[in-house]
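Visitor: The structure that follows is given in the form of structure tokens.
The values are calculated or read from the model by the stated rules, or taken from the named source; none is laboratory data. Just so you know, these numbers come straight off a predicted model, no measurement behind them. Heads up, the Cβs are rebuilt from the backbone with ideal geometry, glycines too, and the neighbour counts pull from every protein chain shown. Keep in mind that these areas ignore ligands, DNA and RNA; they rest on the heavy atoms of the full protein, side chains included. Shrake-Rupley method; radii C 1.70, N 1.55, O 1.52, S 1.80 Å.
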Amino acid sequence: MRDDEQHGPLAGFTVGVTAARRAEELSTLLRRRGATVVHAPALRIVPLADDSELLAATKELIDSVPDVVLATTAIGFRGWIEAADGWGIGAQLLDRLRGVELLARGPKVKGAVRAAGLTETWSPASESMAEVLERLLAEGVEGRRIALQLHGEPLPGFVESLRAAGAEVIGVPVYRWMPPEDIAPLDRLLDLTVARGLDALTFTSAPAAASLLRRAEERGLLPELLSALRDGIVSACVGPVTALPLQARGVDTVQPERFRLGPLVQLLCRELPAGARTLPIAGHRVEIRGHAVLVDDELRPVPPAGMALLHTLARRPGWVVARADLLRALPGSGTDEHAVETAMARLRTALGEPRIVQTVVKRGYRLALDPASDAKYADS
């Protein structure tokens, strides 16, 4: 049995989840594949029925019917209709929507539109807002009123392009994002990210990414956060719009081809193991993951200090690393090199095979790389 079949492809990795909505679903998918999950909602969603902005926008559309309505998310469109029903104006809203050019971004949105008893005029096969924009501009939008169902995040360039072409664009804010009521979990996630205690951080909305960046800036941790996300921690986004706030800060992101939670998890199942270091050491196959090590396909959890030492040794496998250099790699390192010896003893115990790390008297420590591999890794 392969290690992925026995332990799951994400065993030994820690993944942060910033989602507010569907967080439990995403966390469950990750845990089923072996990941350790740290969840901290970066946002909270204002309940639709309590949102005065949505009520005002809905009344405006009923009173002054637009030429085009663009539905962007299934949950947002359903929520809009349900909220209007709660306010006693649902029938009026549906009546107005029957008489307009109704565009649905993708099959899930199309399903929500039809469930409301409506029929979409058109829906892009790609689920791409760029394709929607291309169609509208090709039709000509000068002098037309276009209602855009917002989905909690900005659509950079979309509204500006329509307005530049002469359209009047009305935003329909179906739900609004606010900071979480309890900020402590987000701060803990932020601290863990800065300390590089995560292997990946997942984002399912642009506001969540923006919220994490904003909180880091408020705490004076933005440079450290960006450094961690640019080097070492995988930023996994459900789609290109979600990735924009991170990319604007120079953070590379990975995204699945289909903008869904399942493909997002499958992407991490490929990305994280691919980044793990596998070495032949002391007669064993050793795969170094985020917070655990696979020794001959046996998963061995390792304390954070031990993982810090192991990652440092693995940068130049087979080479001797001085105690002073290992001390600097320890979390919260001080000046006493005895801390290295203590952490090393715990590392060896955790690995279950003390020969993996050799002590080189008066010099330091090295990974006991198998002789046949010495040449291969000598210059790595």
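Visitor: May I ask for the angle, rounded to the nearest 10°, between helix 206-218 and the longest principal axis of the chain, with both axes built from Cα atoms and the value confined to 0 to 90°?
Guide: Approximately 60 degrees, to the nearest ten.
Visitor: How large is the accessible surface per residue of the chain, computed with a 1.4 Å probe and reported in Å² as a whole number?
Guide: On a per-residue basis, 46 Å².
Visitor: Follow-up question, since we're still on this one. Given the chain, what percent of its DSSP beta bridges are antiparallel, to the nearest 5?
Guide: Antiparallel bridges: around 45 percent, rounded to the nearest 5.
Visitor: Within the set of other residues whose C-beta is less than 10 Å from the C-beta of residue 172, count the net charge using Lys and Arg as +1 and Asp and Glu as -1.
Guide: Charge balance near residue 172 sits at -2.
Visitor: If each DSSP helix of 4+ residues adds -39,500 (n - 2.57) and the sum is divided by the residues in the chain, what number results at 222 nm, nearest 500 deg cm²/dmol?
Guide: -13000 deg cm²/dmol
Visitor: If we sort 208-216, 111-119 on the protection proxy, mean other Cβ atoms within 10 Å, highest first, what's the order?
Guide: The most tightly packed comes first, giving 208-216, 111-119.
Visitor: Would you kindly give the portion of the calculated P(r) for region 179-231 that falls above 14 Å, as a percent of all Cα pairs?
Guide: Across region 179-231, Cα pairs with separations above 14 Å total 50 percent.
Visitor: Return the carbon/sulfur percentage of the accessible area of the chain, one whole number, probe 1.4 Å, all protein chains in place.
Guide: 50 percent
Visitor: Please sort by residue number the GluC sites (Glu not before Pro) in region 104-164 whose DSSP state is loop and whose Cβ has at most 10 other Cβ atoms within 10 Å.
Guide: When the GluC sites (Glu not before Pro) of region 104-164 are filtered for loop state and at most 10 Cβ neighbours within 10 Å, 142 remain.
Visitor: Using the Cα gyration tensor of region 43-173, with a ≥ b ≥ c the square roots of its eigenvalues, what is the shape: rounded (a/c below 1.5), prolate (a/b larger than b/c) or oblate (neither)?
Guide: rounded
Visitor: Then there's this: Quick one: which of 59-72, 248-261 comes out on top by average Cβ neighbours within 10 Å, and what's the full order, highest first?
Guide: My ranking of the peptides, most packed first, is 59-72, 248-261.
Visitor: Dipole magnitude of region 188-254 about its Cα centre, charges +1 at Lys/Arg Cβ and -1 at Asp/Glu Cβ only, in debye to the nearest 20?
Guide: That gives a dipole near 120 debye.
Visitor: I've got another one for you. What does the highest-first list of 90-100, 287-297 look like by mean Cβ count within 10 Å?
Guide: The most tightly packed comes first, giving 287-297, 90-100.
Visitor: Counting only other residues whose beta carbon sits under 12 Å from that of residue 320, what net charge do I get with K and R as +1, D and E as -1?
Guide: Counting the neighbours of residue 320, the net charge comes to +4.
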